Each structure stands twice: as structure tokens, then as C-alpha cells.
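Worksheet: the structure to be examined is printed underneath.
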Amino acid sequence: MTFKPRLELLIATHNAGKVRELQQTLRELPLTLRYLAEFPDISTVEETGNTYEANAILKALSYAEQTGICALGDDSGLEVDALGGKPGVLSARFGGENASDQNRTEKLLRVLLPHRKGEITARFICCIAFAGWQSSSTEPRTTKPRILNVSTGTCEGAIALEPRGTKGFGYDPIFIPSGYNETFGELSEDVKGSLSHRAKALSATRGFLTQFLRAT
Ligand code: ITT
């Protein structure tokens, strides 16, 4: 009987909140998950793209190439209608390079002060790209990785007037998904994991990975 090694898959993000959500969804697949923290000398990818897809692809390709491991890159952001879709692809840099999640949400609420009369509609977007090789994980990586799948998910909602709840990460304490009164900071991981932008992108990614694992 031939032994088929488990595919190694790099969770190519430095964001601990994303790591948790990706881990949670992928845990039932026969994969060996690897993390950027295992590669302290790895170069951080510059997000020079103008779209979530371009940046997810940049991250997946660069981290797969640097490590020789198939990689999932995630680029995501929050689009507020009253701000013409900002902060959008610049969501991580909103408030400056060294801003914390709390600094970013506080800045967003400050910028939104003149718009507090009606509902402040918004959406989270998440794009996940898979970069890899069409062969078993044990073969030497002599060629450059290629993008084999890209999946996008959207979650509509509105911005809360003040942060509520301590669950999740990033902008979660000020985002109320459509159909709920609570923020993602208050809702359980299971609820966020069933309807979020990342849950939708991951559901498609899981489908792709299931096929990929069968074929390789
Ligand atoms: P990596 O590039 O290493 O993946 P990052 O945090 O820089 O990590 P992005 O460039 O995709 O990731 O920036 C996304 C921003 O949007 C960042 O500030 C996140 O905290 C925020 N964000 C993304 N998904 C979110 C979610 O599900 N809930 C709350 N905030 C989220």
C-alpha cells in the first residue's frame, strides 16, 4: 500500500484573528497547517495591489515561493458607503502603519461623526488566493508556484455608533451584520463563522481544496 503524505498548507497571514478563523474552517481537511511564525526570516509582502484579489494573490505567491509550501493568502477590508467605500483595500493602513485595531476603529467612528443621522451601511469583503504546485507536497519545488484558486466573500451590514463586544478582531466590535442587532464583537464565533465574508470565501476555498486533495 502506498502512503500518501498530507498536503502542507501555509496560512499566509500575520493577522492572528485571520489565522484562528482559517484554522477553524480547515481543521477537518487532511492537511498539515503551517504558519508564518515558523519562518522568522521571511520577508513581509508589500501590498501594492489596488484590489483585494491582487493583494491576496501577491501574498499567496510570495509566501509560497519563499517557503516552498502551498499557501493561502487573505486580503480583506471594510467598505463604508458614506465614505465612498473607504477604508476598503487600505483597511489595515487606516490610522497609520503602527495603529492598533482599537486606533483604527476609533478613527473610523471619528470620521463617521457627521454621518450618524441614519444607518451607516457597510460591508466586509474577503478574498482568499491559493498558490501552489499541481504535484505532491514531497516533490522538490523546482518551479515557481501558480495561483490555482481565488475565492471572494462579502458580508453586508452597518456600523455601530460605538464599539461593542470583545470577540473577533479588527473592526468586528463596530460591525453589525445584516439581520442581527449585535456586532461581530458580541456574536459567537459560530455565528461569524457561518455568515462572514471570510466564511463565504473559505467555503469556496474548501470546495477547491477538497478537489485538489483528491487530484494530487
Ligand atoms: P495580513 O496581510 O498579514 O493577512 P492584515 O491584517 O494586514 O494581515 P489585510 O491587509 O487584509 O490584513 O487588512 C485587513 C484589515 O481589515 C485589517 O485591519 C483587519 O483587521 C481588518 N479585517 C479583515 N477581516 C476582518 C474581520 O473578519 N473582522 C474585522 N476586521 C477585519
Original post:
Fewest first, what order do 169, 124, 212 take by the number of other Cβ atoms within 10 Å?
Top reply: 169, 212, 124
Original post:
If you take every DSSP beta bridge whose two residues both sit in the chain, what share of them, in percent to the nearest 5, is antiparallel?
Top reply: 75 percent
Subject >> P(r) histogram, all alpha-carbon pairs of the chain included - 5 Å bins from 0, percent >> reply: 1, 7, 15, 19, 19, 15, 10, 7, 4, 2, 1, 0, 0, 0
**OP:** Provide, for the chain, the number of lysine pairs with alpha carbons under 21 Å apart, each pair being eight or more places apart or on different chains.
**Re:** 14
Original post:
Arranged by the count of other C-beta atoms within 10 angstrom, fewest first, what order do 141, 93 take?
Top reply: 93, 141
Original post:
If you put +1 on each Lys and Arg Cβ and -1 on each Asp and Glu Cβ, how big is the dipole of the chain around its Cα centre, in Debye rounded to 20?
Top reply: 320 debye
Original post:
So how strong a dipole does segment 1-93 carry about its Cα centre when Lys and Arg Cβ are +1 and Asp and Glu Cβ are -1, to the nearest 20 debye?
Top reply: 300 debye
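No lab work stands behind these numbers, since they all come straight from the coordinates. Everything numeric here is computed off the predicted structure, so don't read it as measured data. A quick note on method: Cβ atoms are made from the backbone with ideal geometry, for glycine too, and the neighbour counts reach across all protein chains shown.
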